[in-house]
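Structure first, commentary second.
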Amino acid sequence: MNDHLYFLKSRLSEDMFERLSQIGNEKLYEFLADMIKLCNPTSVFISTGSTADLEYVRKRVIEVGEEIPLKTQGHTAHFDSPADQARARDDTFILSDPMPFINTKNREEGLREIKELLRNSMEGREMLVGFYSLGPKRSPFEILALQITDSYYVMHNENIMYRQAYDEFVRLANRANFLKFVHSIAKYDIKKRRIFIDLEDETVYSVNTTYGGNSMGLKKLALRLTIRRAMNEGWLSEHMFVIGVNGPNGRVTYFTGAYPSMSGKTSTAMLERLVGDDLAFLKIINGEVRAVNPEIGVFGIIEGINSVDDPIIYKVLSSPGEIIFSNVLIKPDGTVYWNGKDEPEPEKGYNYTGEWWKGKRDEKGNLIPPSHPNARFTAPLTLFPNLDKNYDDPSGVVVRGIIFGGRDSDTSVPVLESFNWPHGVVTIAASLESERTAAVIGQVGVREFNPMANLDFLSVPLNVYISKYLEFGKRLQNPPKIFGVNYFLKDERGNYLNSKEDKRVWLKWMERRVYNEVEAVKTPVGYIPTYEILKELFKQVLNKEYSKDDYVKQFSIRVDKYLEKIERIRKIYKEIKGTPDEFFIVLDEQEKRLRDSKERHGSVISPLVYYG
Ligand code: SPV
Ligand code: MN
């Protein structure tokens, strides 16, 4: 027995040590021994992912008070502290040399700091060790991950969200090349909240936070690591949903879609066949793009979910099943309320601020709503009746379209198809901007640059990411079509120009466009739908009359706004060394088309002008 195993034997119960020794991975033993020495837990629980182990976590999470059982069978509630309700950008650092737009920190310094915070952080607590796979097991997509945490809530979340892979660790033994995540609640001192991402060692450390997006290793923390792997290996690790859209005659067409948090991503993912709602791995296999969902659960925003706009999620959340509600309101009857739920707002209850009553204010005098705007639910995919049968297919689904969406009140048309891969990558994906929401800490409403809705998670320089994206398409004879959507366009008076359900129509249009089955109108910024086809689709899909007046308002090309956007985007990329020339060529061409059009037709141009 080597030193690490010898040490582990001294710290683990016989039963737990036996589980570990089945694995036979030296690097794992060394890492775990180091972390036990550092964090100094009172006991260690090795989860094999068995039914009994899952049950143990469900039981302990209630006993220690990290979750509160609710009235409905399987439902529990969890609260994060008021200052820990969203992803903490300012406390998250990549331990590497500086990169534009990315918070970085010197590696040695960072490791020293985080290890100081982790020292004895698990004293009096149990260390939980879990083994998972991102993506279907034994598939070309599989990425193994080790999670260490002292939070039963974190492990409970991950047990719902990720595939158990103790068996894969055992099968691969020393060959397992796994990501590592270390999380500790520590003293839950928000001033000392730190999330440090060590690329070199593929390890992420997170302390003094419990909010899922900061603590759950396999979600956004892993994304930083998988993006880097993807860039090195020639695939894409994206902040995208994966969905199937029903076409004519039983055809199913798969799309992925990237939207910054709270811009309609989850509700779009739920409209038809659900494969995944948040993350996607895309690989070229036999000349086609195939995608899987690294996850098997949903950590979704709950605000605004009601039985009319989101009937499927609403039904899931109202039925028995293993669901964790975080940062919602617990009503006196033991059920939950969230902002926008279709029932009257309760008078009182319990939320992340403690006892809550209607009219309660925070220290700054602002009204505290019943639930936090970034309140969430964690639910297994298997609870969703619209789950696609291929959701766990080891070869993934064939991607024919990629959608990028932002929260944009004044520029982009509701749906747009790019001319080709580079045009889509440059003018839609890499130019994505969105008005900030409550999913990250900070002032909401500010327009933010967010290429591929992935900026928060980038771990390689943006120019490298963009170059690889462009190259990815060049390796394909028939790359997926790239689309842009915007559900948030407003008129001059500030009224939304579309209703929430209109996205159903856009999806059907994009599905048809994949096969060029319906005509489109060519504008300077890309193809848009014809009025005639939308009229037909609105009738078919929503049983609604669609007026020409609405069409003109929604699809007018706001040339000046588009030109301003190009200016903003060009300025950003000009400052990034290594941005490929092709990027600026595509952008310049778009600008020229817009200027030519403006000269002839003015600064806001009706789509009818572009009719053949
Ligand atoms: C998002 O904010 O994009 C989420 C939730 O999907 S989090 O896990 O916080 O990233
Ligand atoms: Mn997300």
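Each reported figure results from applying straightforward, stated rules to the coordinates on display, with no laboratory input. Everything numeric here is computed off the predicted structure, so don't read it as measured data. Neighbour counts are summed over all protein chains in view; Cβ atoms, including those assigned to glycine, are modelled from backbone coordinates with ideal geometry.
Relative to the longest principal axis of the Cα atoms of the chain, the long axis of helix 581-601 lies at roughly 40 degrees. What angle do you read, to the nearest 10 degrees and between 0 and 90, between the alpha-carbon axis of helix 222-233 and the longest principal axis of the chain? It works out to around 70 degrees. Sequence-distant contacts, meaning Cα pairs under 8 Å at least 6 residues apart, place the relative contact order of segment 299-383 at 40 percent. A simple spin-label model places pseudo-atoms 7 Å from Cα toward Cβ; at GLU126 and ASN2 they are separated by 2.9 nm.
Classified by the C-alpha gyration tensor, the chain has a prolate form. Its axis ratio a/c, with a ≥ b ≥ c, is 1.5 or above, and a/b is larger than b/c.
Work out the FRET efficiency for SER10 and ASP342 from their Cβ-Cβ distance, taking R0 = 56 Å, and round it to the nearest 0.05. E(calc), rounded to 0.05, equals 0.50. Positive end of the dipole of segment 1-119 (Cβ unit charges, origin at the Cα centre): among PRO100, GLY49, MET1, the Cα lying farthest that way belongs to GLY49.
Centre-to-centre separation between the Cα atoms of segment 496-522 and those of segment 428-443: 24 Å.
The magnitude of the dipole of the chain, with charges of +1 and -1 set on the Cβ of Lys/Arg and Asp/Glu and taken from the Cα centre, is near 840 debye.
Is the shape of segment 46-159 best called rounded, prolate or oblate, per the rule: a/c under 1.5 gives rounded, else a/b larger than b/c gives prolate, else oblate, with a ≥ b ≥ c the square roots of the Cα gyration tensor eigenvalues? Prolate is the answer for segment 46-159, as a/c is 1.5 or above and a/b outweighs b/c.
A dipole drawn for the chain from +1 and -1 charges on Cβ atoms has a positive end, and of ILE533, ILE576, VAL399 the residue lying farthest that way is ILE533. Take the Cα of GLU519, step 7 Å toward its Cβ, do the same at LYS360, and the gap between the two points is 5.9 nm. The relative contact order of the chain, computed from alpha carbon pairs under 8 Å that lie at least 6 residues apart in sequence, is 13 percent.
Remark: for residue pairs LYS9/LYS187; LYS315/LYS503; LYS265/LYS592; LYS503/LYS565; LYS315/LYS389, the C-alpha separation exceeds 22 Å in LYS9/LYS187; LYS265/LYS592; LYS503/LYS565.
Sites count as exposed loop sites when they are trypsin sites (Lys or Arg not before Pro), lie in a DSSP loop, and have at most 16 other Cβ atoms within 10 angstrom; the longest stretch of the chain without one is 252-357. Could you tell me whether segment 216-316 comes out rounded, prolate or oblate from its Cα gyration tensor? Rule is a ≥ b ≥ c as square roots of the eigenvalues, rounded for a/c under 1.5, then prolate if a/b exceeds b/c, otherwise oblate. Because a/c hits 1.5 or more and a/b fails to exceed b/c, segment 216-316 counts as oblate.
Kindly put GLU511, GLU200, GLU288, GLU363 in sequence by how many other C-beta atoms sit within 10 Å of each C-beta, fewest to most.
Sorted ascending by nearby Cβ count, the order is GLU363, GLU200, GLU288, GLU511.
Between 0 and 90 degrees, the angle of helix 107-118 with respect to the longest Cα principal axis of the chain falls at about 50 degrees.
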